[in-house]
Structures are given as structure tokens and as C-alpha cells.
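Have a look at the structure below before the remarks.
The values are calculated or read from the model by the stated rules, or taken from the named source; none is laboratory data. Just so you know, these numbers come straight off a predicted model, no measurement behind them. We place every Cβ from the backbone using ideal geometry, glycine too, and count neighbours over all the protein chains shown. Ligands, DNA and RNA are stripped out before the accessible areas are found, and what is left, the full protein with its side chains, is counted by its heavy atoms. Shrake-Rupley method; radii C 1.70, N 1.55, O 1.52, S 1.80 Å.
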Amino acid sequence: MMRSKKTLIHVAVDINQTANQFKSSIVLVMDNKVVDAKSMLGLSNSVLTSHFFRLEIYGEDAEEAKKAMRDVFLSNGLPVEISDK
């Protein structure tokens with residue numbers, strides 16, 4: 001499925017705003033790259049170029065963050081796996 005770049009930037013903003021609601025560390029792993037989900041610059045590049053995403057979430061509100069991040073990825077049609085490491 002092909003998306004316009006404008007749409008992908010909006011997706012990156014949506015992910016970024018969701019991640020920034022939590023104190024937990026939220027790291028996006030894709031294509032051998034690691035990006036802080038709270039970094040708009042890193043996110044915008046990765047959302048434009050990756051097709052699958054894995055999240056690693058650690059911290060005091062990790063369980064709430066995992067649910068919210070899963071929801072934001074799925075609502076934007078992006079496949080995501082959340083690591084339970």
C-alpha cells in the first residue's frame with residue numbers, strides 16, 4: 001500500500017505525540033536502526049522508509065505506553081511488534 005509523504009509525516013507526528021505522553025523510554029527498532037519514538041526527526045525518516053516496526057518500551061508507565069503505542073500504530077495501518085524483553 002502506497003501512502004503520500006504528507007500522510008506519513010502526519011503518522012510520524014501521531015506516533016511522536018503519543019510517545020511523548022509517557023515517561024517510559026520508547027525505542028523503535030527497524031532495519032537495523034534504533035530510533036527514539038520521542039524524536040520527531042528520527043521518526044519522520046524511519047516511518048518514510050520502513051515497512052515493519054518493533055517497539056521496546058521500558059519504564060514506570062510501560063504497560064500503558066505499550067497499549068497506546070500499539071493502538072497508534074494499528075490505527076495508522078502500520079505493522080508493529082512490541083518486545084516483552
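Once C-alpha pairs closer than 8 Å and six or more residues apart are averaged by separation and normalised to the residue number of the chain, the relative contact order reads 31 percent.
Maximal additional length on extending the Asp36-His51 stretch stands at 3.7 nm, based on 0.36 nm per residue less the C-alpha distance. Computed with a 1.4 Å probe on the full set of protein chains, the accessible area for Lys67 sits at about 120 Å². Applying a DSSP loop filter and a limit of 16 other Cβ atoms within 10 Å to the chymotrypsin sites (Phe, Trp or Tyr not before Pro) in the stretch 17-54 leaves Phe52. For the chain, the 222 nm mean residue ellipticity estimated from helices alone, with every DSSP H stretch of n ≥ 4 adding -39500 (n - 2.57) and the total spread over all residues, rounds to -14500 deg cm²/dmol. Top mean-square fluctuation among Ala62, Ala37, Ala12, Gaussian network model of the chain, C-alpha springs under 10 Å? Its mean-square fluctuation being the largest, the pick is Ala62.
For the chain, the ratio of Cα radius of gyration to the globular rule of thumb 2.2 N^0.38 Å stands at 0.98.
Average accessible surface for the stretch 12-64: 54 Å² per residue, computed with a 1.4 Å probe over protein heavy atoms with every protein chain in place.
Of all accessible surface on the chain at a 1.4 Å probe, what whole percent is carbon and sulfur? The computed percentage sits at 54. In a simple Cβ point-charge model (Lys, Arg +1; Asp, Glu -1; nothing else charged), the chain has a dipole of about 380 debye relative to its Cα centre.
Model label sites at Tyr58 and Leu74, defined 7 Å from Cα along the beta-carbon direction, differ in position by 2.6 nm.
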